[in-house]
Amino acid sequence: MRCDRLELPLRRFGGGVTDVYPTRGLSRGGPYAIPEEVRKSREVSVVPIFVRVPEFKEYQEFMNAAKAFLEKLREEFRRYFRIVMKVHEEREVTISSLYLPEDLRTLYNKLRRVKTELSELYGDKEVGQVAVLIFTRWTPEYQKLTPYYISKCVFGSEVASQVVTEVAFSNFDMSLANVSLGIFAKIGGIPWVLAEPLSADVIAGVGRTTVKYRESRQAEVSKDYIGSVAIVGSDGVVSEVRAKVVSKLEELSGWISSNVRRAARSFALSKGTKEVRLSVHYSGKKPSIEELRELSKAIEDLESEGLRASYRVLHVTDDINVRLLCEESKYYPTSGLYCITSDREAYLTPLGALKLGTREYYSFTGIPRTLKVSLIHTSESGTLEELTEGLREAYWGTFMHLAGAQININEPITTKYSRDVAYLVGS
């Protein structure tokens, strides 16, 4: 068994500025890339929507806090992204409850009307420069149908939408950074890229889930299978996320394989190259032998088109009971600590103590979870080298999450984005 620590990745921001910290890098250099239309106008329009529920007695206090938050958000957004945020006339949507399905359907219909109004007001071209900010009460995590999911169903990728609850007002600074970053990313901006590219040209994250249908309390009637593929470049930027719902499980592996193959072909055409290096990350259950065989065939058949593709397939999961400890950091794991137990299996701790120069920072949220990274297939001969590169992809991928301004998260964006989208479609 061999244990070591992966190096922290630097992010590259505007003006060639590099930094580990997202907010500090944005403050120093601004974003790496601004969408063309926004770059011309240097403006983004924000439409605030307040969801009013009669049972919410402190609604007026909530509204006042939300408006103060919005005013401060304008300042932070301009500081980070060098873009003016124009706040348009607020809208109020009233429903009877946040918990009853019929009331949430009413919210869905009312938000649909708002979307139609925005499309008529701005047109298809300019609506990409508009963000909808929905202020609503917090709902429990176990509640599957929430204003968040409804907003995603309504606005999708056509109009940027961000949901803000009263929880955001308790930690103003972090919440402002998170919401600012979320809005900028959703209008098509790239806040940062990896300063040093990964070894794979195309990295595909694969997420899968199953939705079971029942009538009342009867036994299962039918089920659907949902797959999602997130395509990430060597710079750590997500270029696309696609999802598919099928009624037969065997159809899903074919769809996943064809999307990986399409991404490889697109890369080769865009770069004018005949060689492409692929990496595929599976979350959840490991792919079956049949799934791996279909994926391998789809990739290897690229040779018939004059392309040579080398590839590796990884399984990344945190559904384990292993924790890593480090004597050097007083038996608290350091960020990037890994242990290779064989040439095809390793454990990695993305979160943990961050050592920057001579100073060391510790997290106080308990012992962070560990990822198990398994190399389940490769076209190359050096399995240990492939596993080590896969570990770097998984670790550096935790620094490319754009839904929050924290340094990194506990899993790579390849598996997180693909799985989250699959679950969102299923919900």
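Throughout, read-outs are computed from the coordinates displayed, never taken from laboratory work. Everything quoted here is computed from the prediction, not taken from an experiment. Don't worry about glycine lacking a Cβ; one is built from the backbone with ideal geometry, like all the others, and counts go over all protein chains shown.
Classification of the range 34-186 by its C-alpha gyration tensor yields an oblate form. The axis ratio a/c (a ≥ b ≥ c) is 1.5 or more, and b/c is at least a/b.
For the Cα trace of the chain, dividing Rg by the Kirkwood Rh returns an Rg/Rh value of 0.97.
The residue list Ile134, Phe62, Thr94 was ranked by how far each Cα lies along the charge dipole of the range 34-186 toward its positive end, using unit charges on Cβ atoms, and Ile134 comes out on top. Taking 7 Å steps out from each Cα toward its Cβ at Val245 and Asp4 produces label points 4.7 nm apart.
Each Lys and Arg contributes +1 and each Asp and Glu -1, all at the Cβ; summed about the Cα centre of the chain, the dipole is approximately 440 debye. Please label the shape of the range 371-427 as rounded, prolate or oblate, based on the square roots a ≥ b ≥ c of the eigenvalues of the alpha-carbon gyration tensor (a/c under 1.5 means rounded; beyond that, a/b larger than b/c means prolate, else oblate). Because a/c hits 1.5 or more and a/b fails to exceed b/c, the range 371-427 counts as oblate. With a Förster radius of 35 Å applied to the beta-carbon distance between Lys72 and Thr341, the computed FRET efficiency rounds to 0.15.
Run through the range 1-87 and list the trypsin sites (Lys or Arg not before Pro) located in a DSSP loop whose Cβ has at most 11 other Cβ atoms within 10 Å. In loop regions of the range 1-87 (DSSP not H, G, I, E or B), the sparsely surrounded trypsin sites (Lys or Arg not before Pro) are Lys57. Fully extending the segment from Thr116 to Ile367, taken as 0.36 nm per residue of separation minus the present Cα-Cα distance, adds 85.6 nm. Each of Thr18, Thr415 has some number of other Cβ atoms within 10 Å of its Cβ, and from fewest to most they run Thr18, Thr415. Only one residue of Pro287, Ala422, Ile407 has its Cα farthest out toward the positive end of the dipole of the range 196-426, where Lys and Arg carry +1 and Asp and Glu -1 on Cβ, and that residue is Ala422.
Taken along the Cα-to-beta-carbon direction at a fixed 7 Å, the label points for Leu424 and Glu158 span 1.6 nm.
The angle between the Cα long axis of helix 101-126 and the main principal axis of the chain comes to about 90°, on a 0 to 90 degree scale.
Taking the chain as a whole, the Cys residues whose C-beta sits 4.7 Å or farther from every other Cys C-beta are Cys153, Cys326. DSSP assigns beta bridges within the chain; of those with both partners inside it, close to 60 percent run antiparallel. Contact order, relative form, for the chain: 17 percent (alpha carbon pairs under 8 Å, 6 or more residues apart, mean separation divided by residue count). Each residue, Leu100 and Val87, gets one label point 7 Å from its Cα in the Cβ direction; the gap between the two is 3.3 nm. Counting only GluC sites (Glu not before Pro) that DSSP places in a loop and that have at most 11 other Cβ atoms within 10 Å, the longest clean stretch of the chain runs over 216-427.
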